[in-house]
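The values are calculated or read from the model by the stated rules, or taken from the named source; none is laboratory data. Note that the structure is a prediction, hence the values are computed from the model and not measured. As a convention, Cβ positions derive from the backbone with ideal geometry for all residues, glycine included, and neighbour counts pool all protein chains shown.
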């Protein structure tokens, strides 16, 4: 059953030269999530997209637990769990043999699995519907051809050109960002001298819902192959081709089909949904905030796909920026709060780039020594557990921890356990449902045992039980959370004044 | 900070050298290279301290 993308209606522009408080450019998953988050915070948003549909082709598929927790806060959790393919296990093979398997969900008691796989187009359809319901002004077939540093946008539409002015301009327009180009901002980093054939294939196949990665398999000698299951019996297969491969030749169906058939065996029928050939890059902007223009997702930073750090990193950008921009627009915080978007998300981007670069370097050895070391690691790993952590087929996306954020209030007492300030609040089962589902998308407190009156939404949990254990908490302990559910502070028996001070600090008011 | 040992530390240096040469004796160059890589990885794991390994890498990389 091939996928039929929706076509969204586009209209002639009627507000030539108008000024809007927030314009988002780019209706991919990061732009849409940011728009939805802002709209749910009652910020009026105009979103411009150069197409009239969702992302087609081989885009993000692996959505990490932290992204799912964010999307659940935006109201999409149940739909994603229902539609996506849940997986926690990865296997690595070398030649014909499994080298080892790993489980990414190390403990029970979380609502969301380590990952679900879901085609980006399905996620974007859900986000578009939610944006429509939330009142986002979605303008399709609006291609931004130029942006000025003060937020003036030159736009082409099928109905003719127009111009808009943004008080705040959010650039979520992807790796080839036109806004980045207009502002002449350098986007530098590393190109990997390798090519990969990405095929999305529809088939009935006996593989389980796991991540399988082969080094040098019999069906693709000398290269690596990655296999992932997606929704609707679509499978992502990723063949390493080498630098000398001809991209145009390699993506012709008559050349792709024998590669896939060799992998699946002669008796498995399949259809090609989408095929492309990629070269991967790791690079980022020097700064993501340029006064009142802010860059998110691939427009700000780009990674190779091993590790699922592109889409998941982009969603963490959205989660980080939306509440801060809403606080500034509502007059609750000074504009300097937005400098902490850089302070928190640039180290996160660097962590993603570092991990993605190391994985790609392992997968694409650069010289004889790198080949020899990789072969040595794979041989040793088959027999000796010590070598398995050295095998790098992708270090899968983990949530960023903002341990050094200026928004944190440092611990003023000793904690034996539990997540320190800057960490995303961990989920846990409670008597009335999942902990994260019970938290509002605002500043809030999580109290173990009775809390003092704080003038703040407060979730009170018993001082014993799974949540208390996970938070290392006993009676009187209190965690103070930001709207993105990162921990801003924690205390044993705080005074309301301490909590108020942490609240001001987390808004850059002091 | 731990320091890479650079004073004599092997009770039988000739025996260790001989064991290394014996392991390489009949190997073609690529297998020989892979053997050395395995040895480095095994010994690095045994040492367990990345700082010591990096000191060794720096020393080995320095011009003679």
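Residue under question is residue A:38, and the condition is that it be more than 21 Å from residue A:118 (Cβ to Cβ), touching a residue at least 40 places away in the same chain (Cβ under 8 Å) and not in a strand (DSSP E or B); does it hold?
The answer is yes for residue A:38.
Of the residues A:500, A:475, only one is within 20 Å of residue A:405 (Cα to Cα), modelled with pLDDT of 95 or more, surrounded by fewer than 19 Cβ atoms within 10 Å (Cβ to Cβ) and not assigned by TED's automatic domain parsing to the domain that holds residue A:326; which?
Residue meeting the stated conditions: A:500.
Hey, residue A:416 hits all of (1) at pLDDT below 95; (2) surrounded by 15 or more Cβ atoms within 10 Å (Cβ to Cβ); (3) farther than 28 Å from residue A:508 by Cβ but one; which does it fall short on?
The failed condition is (2).
Restricting to region A:106-136, name every residue that is outside any helix (DSSP H, G or I) and buried (at least 16 other Cβ atoms within 10 Å of the Cβ). Spell out how you get there, then give the answer.
Our first condition is that a residue be outside any helix (DSSP H, G or I); within region A:106-136, this holds for A:106-119, A:135-136.
Once the filter is applied, which keeps residues that are outside any helix (DSSP H, G or I) and buried (at least 16 other Cβ atoms within 10 Å of the Cβ), region A:106-136 yields A:110, A:111, A:112, A:113, A:114, A:115, A:116, A:117, A:118, A:119, A:136.
Quick one: would you say residue A:59 is at pLDDT below 95, buried (at least 17 other Cβ atoms within 10 Å of the Cβ) and not in a helix (DSSP H, G or I)?
When the stated conditions are applied, residue A:59 passes them.
Restricting to region A:40-49, name every residue that is surrounded by fewer than 24 Cβ atoms within 10 Å (Cβ to Cβ) and within 20 Å of the chain's Cα centre (by Cα).
A:40
Only one of A:294, A:325 is within 20 Å of residue A:440 (Cβ to Cβ) and in contact (Cβ under 8 Å) with a residue 12 or more places away in the chain; which? Quick ask: steps written out before the conclusion?
Numbers: A:294 fails: within 20 Å of residue A:440 (Cβ to Cβ).
Residue meeting the stated conditions: A:325.
Could you list, in sequence order, all residues of region A:348-385 that are away from chain B (no Cβ under 14 Å) and in contact with a helix residue (DSSP H, G or I) (Cβ under 8 Å, 6 or more places away or on another chain)?
Within region A:348-385, A:348, A:349, A:352, A:355, A:356, A:361 meet the criteria.
Quick one: which strands (runs of 3 or more DSSP E) lie wholly within region A:268-317 and hold at least 3 residues that are on the phi > 0 side of the Ramachandran plot, at pLDDT 95 or above and crowded, with 23+ Cβ neighbours inside 10 Å?
Values: elements: A:270-278, A:281-285, A:293-295.
Ranges flagged: none.
Provide a single number: the residues in region A:65-84 that are buried (at least 20 other Cβ atoms within 10 Å of the Cβ) and either out of contact with any helix residue (DSSP H, G or I) (no Cβ under 8 Å at 6 or more places or on another chain) or assigned to a strand (DSSP E or B) (or both).
The total comes to 1.
Give me the residue from region A:235-253 that is assigned to a strand (DSSP E or B) and more than 21 Å from the chain's Cα centre (by Cα) and, out of that set, farthest from residue A:118 (Cα to Cα).
Top of the filtered list is A:240.
Can we say residue A:257 is on the phi < 0 side of the Ramachandran plot, under 20 Å from the mean Cα position of the chain (by Cα) and surrounded by 15 or more Cβ atoms within 10 Å (Cβ to Cβ)?
In short, no.
Here is a list of conditions, (1) surrounded by 18 or more Cβ atoms within 10 Å (Cβ to Cβ); (2) at pLDDT 95 or above; (3) touching a strand residue (DSSP E or B) at 6+ places or on another chain (Cβ under 6 Å), and residue A:463 meets all of them except one; can you say which number that is?
Of (1) surrounded by 18 or more Cβ atoms within 10 Å (Cβ to Cβ); (2) at pLDDT 95 or above; (3) touching a strand residue (DSSP E or B) at 6+ places or on another chain (Cβ under 6 Å), only one is false for residue A:463: (1).
Scanning for something assigned to a loop (DSSP other than H, G, I, E, B) and either within 30 Å of the chain's Cα centre (by Cα) or crowded, with 16+ Cβ neighbours inside 10 Å (or both), does region A:368-382 turn up at least one residue?
First, the residues of region A:368-382 that are assigned to a loop (DSSP other than H, G, I, E, B): none.
No, region A:368-382 has no match at all.
Go over the candidates A:30, A:45 one by one and state the one that is at pLDDT 95 or above, assigned by TED's automatic domain parsing to the domain that holds residue A:306 and in contact with a strand residue (DSSP E or B) (Cβ under 7 Å, 6 or more places away or on another chain).
Values: A:30 fails: in contact with a strand residue (DSSP E or B) (Cβ under 7 Å, 6 or more places away or on another chain).
Matching residue, one of A:30, A:45: A:45.
If I ask for residues that are part of a helix (DSSP H, G or I), more than 14 Å from chain A (Cβ to nearest Cβ) and surrounded by 11 or more Cβ atoms within 10 Å (Cβ to Cβ), which ones from region B:20-55 would you list?
Those that are part of a helix (DSSP H, G or I), more than 14 Å from chain A (Cβ to nearest Cβ) and surrounded by 11 or more Cβ atoms within 10 Å (Cβ to Cβ): B:20, B:51, B:52, B:54, B:55.
Here is a yes/no grid of residues against (1) more than 20 Å from residue A:100 (Cα to Cα); (2) outside any helix (DSSP H, G or I); (3) in contact (Cβ under 8 Å) with a residue 24 or more places away in the chain; (4) more than 14 Å from chain B (Cβ to nearest Cβ):
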position	(1), (2), (3), (4)
A:337	yes, no, yes, yes
A:346	yes, no, yes, yes
A:387	no, no, no, no
A:398	yes, yes, yes, yes
